[in-house]
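Notes follow once the structure below has been shown.
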Amino acid sequence: MKFRSLLLLGAPGSGKGTQGQILARIPGFVHVSSGDLFRSLDPHSEPGRLFRAYSDRGQLVPDDLTIRIWQDHVEWLVASGRFRPSADFLVLDGIPRNVNQLARLSSLIDIIHVFHLSCPNREILVQRVAGRARQANRADDLDPKVILERIAVYETETRPLLEKIPPDRIHDINADQLPYQVLRQILIHLP
Ligand code: ADP
């Protein structure tokens, strides 16, 4: 059985993590953020070093490592009873992040809704990410050049996912709203 999944898709600063964390508070929703998984790695381990090498430049981590870390984590969520595939929604935040990851995960996940958090105004995204840098422990949020590179990588590698998913599963949501307003737009699509 494939995991019933909701995909939060959007550029850095669009609010994927905020919505994922809110949804995770609701019983029946299990949030998995690939960025959080990477940041929780031991920075001195080989995968931890690789992550820093790529993310510090605003680049994506290679797909093999990304898929392995995600799969190990989801298997652990199932084994520990934190995620019950027959009952819960898996809320995907940051993964799949390119067309190859989508293809490789397609035997495991069924993406029933994509919430496309859209913010055409790049200034807003940059300001949000830069604002977050002061709070969180995120080196990749501090450097404006890296922020712009991540937005560019989103446009070239991640946004094309929208062409690979049936249009009736994609919901465009204006990300330039308050978190509760974005949440309301997400919830109206759920059964
Ligand atoms: P944001 O969406 O704000 O850029 P994330 O926390 O989702 O932040 O990701 C931070 C970094 O982690 C990315 O820039 C990238 O280097 C790495 N990363 C996260 N998810 C993936 C993924 N699915 N594939 C490859 N790299 C990833």
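The values are calculated or read from the model by the stated rules, or taken from the named source; none is laboratory data. Since the model is a prediction, treat every value here as computed from it, not as a measurement. In this analysis, Cβ positions are derived from the backbone assuming ideal geometry, glycine residues included, and neighbour counts consider all displayed protein chains. Just so you know, the surface numbers come from the protein's heavy atoms only, side chains and all, with ligands and any DNA or RNA stripped out. Shrake-Rupley method; radii C 1.70, N 1.55, O 1.52, S 1.80 Å.
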Q: Would you check if there is a residue in region 69-80 being closer than 23 Å to Lys145 by Cα and not in a strand (DSSP E or B)?
A: no
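Out of the residues in region 66-123 meeting the condition of being small (Gly, Ala, Ser) and over 21 Å from Val153 (Cα atoms), tell me which one is surrounded by the most Cβ atoms within 10 Å (Cβ to Cβ). Can you show your working first?
Taking region 66-123 and keeping what is small (Gly, Ala, Ser), we get 79-81, 86-87, 94, 103, 106-107, 118.
Still in the running and over 21 Å from Val153 (Cα atoms): 79-81, 86-87, 106-107.
Working: Ala79: 9, Ser80: 8, Gly81: 7, Ser86: 6, Ala87: 9, Ser106: 13, Ser107: 8.
Restricting to residues being small (Gly, Ala, Ser) and over 21 Å from Val153 (Cα atoms), the top hit is Ser106.
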Q. Just for region 51-65: of the residues that are open to solvent by 60 Å² or more (accessible area, probe 1.4 Å) and in a helix (DSSP H, G or I), which one is nearest to Ser106 (Cα to Cα)?
A. Asp64
Q | Unmet criterion (only one of (1) within 16 Å of Leu6 (Cβ to Cβ); (2) under 16 Å from the mean Cα position of the chain (by Cα)) for Ala87 | A | (2)
Q | Failed item, numbered, when Arg68 is tested on (1) closer than 26 Å to Lys2 by Cβ; (2) free of Cβ contacts under 8 Å to residues at least 12 places away in the same chain; (3) of a type outside the set (Asp, Glu); (4) away from the ligand (no atom under 12 Å from the Cβ) | A | (4)
Q | Unmet criterion (only one of (1) surrounded by 14 or more Cβ atoms within 10 Å (Cβ to Cβ); (2) closer than 26 Å to Phe51 by Cα) for Ala139 | A | (1)
Q: Working only within region 163-181, note down all residues that are in contact with a strand residue (DSSP E or B) (Cβ under 6 Å, 6 or more places away or on another chain) and assigned to a helix (DSSP H, G or I).
A: Arg169
Q. How many residues, within region 91-110, are assigned to a strand (DSSP E or B) and within 14 Å of the ligand (Cβ to nearest atom)?
A. 4
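If you take the residues of region 161-186 that are of a type in the set (Val, Ile, Thr) and under 21 Å from Thr18 (Cα atoms), which of them is most open to solvent (accessible area, probe 1.4 Å)? I'd like the intermediate steps shown before the answer.
Our first condition is that a residue be of a type in the set (Val, Ile, Thr); within region 161-186, this holds for 165, 170, 173, 182, 186.
Now narrow it down to the ones that are under 21 Å from Thr18 (Cα atoms): 170, 173, 182, 186.
Numbers: Ile170: 35, Ile173: 6, Val182: 7, Ile186: 0 Å².
Filtering region 161-186 for residues that are of a type in the set (Val, Ile, Thr) and under 21 Å from Thr18 (Cα atoms), the one most open to solvent (accessible area, probe 1.4 Å) comes out as Ile170.
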Q: With respect to Asp42, determine if the residue is exposed (fewer than 13 other Cβ atoms within 10 Å of the Cβ) and acidic (Asp, Glu).
A: yes
Q: Please verify whether region 144-156 includes one or more residues that are modelled with pLDDT of 95 or more and more than 12 Å from the ligand (Cβ to nearest atom).
A: yes
Q: Name, by its number, the condition in (1) within 13 Å of the ligand (Cβ to nearest atom); (2) open to solvent by 60 Å² or more (accessible area, probe 1.4 Å); (3) over 20 Å from Gln101 (Cβ atoms) that does not hold for Gly15.
A: (2)
(Q) Every residue in region 101-140 that is closer than 20 Å to Leu60 by Cβ, of a type in the set (Val, Ile, Thr) and in contact with an Asp or Glu (Cβ under 7 Å, 6 or more places away or on another chain), please. (A) Val129
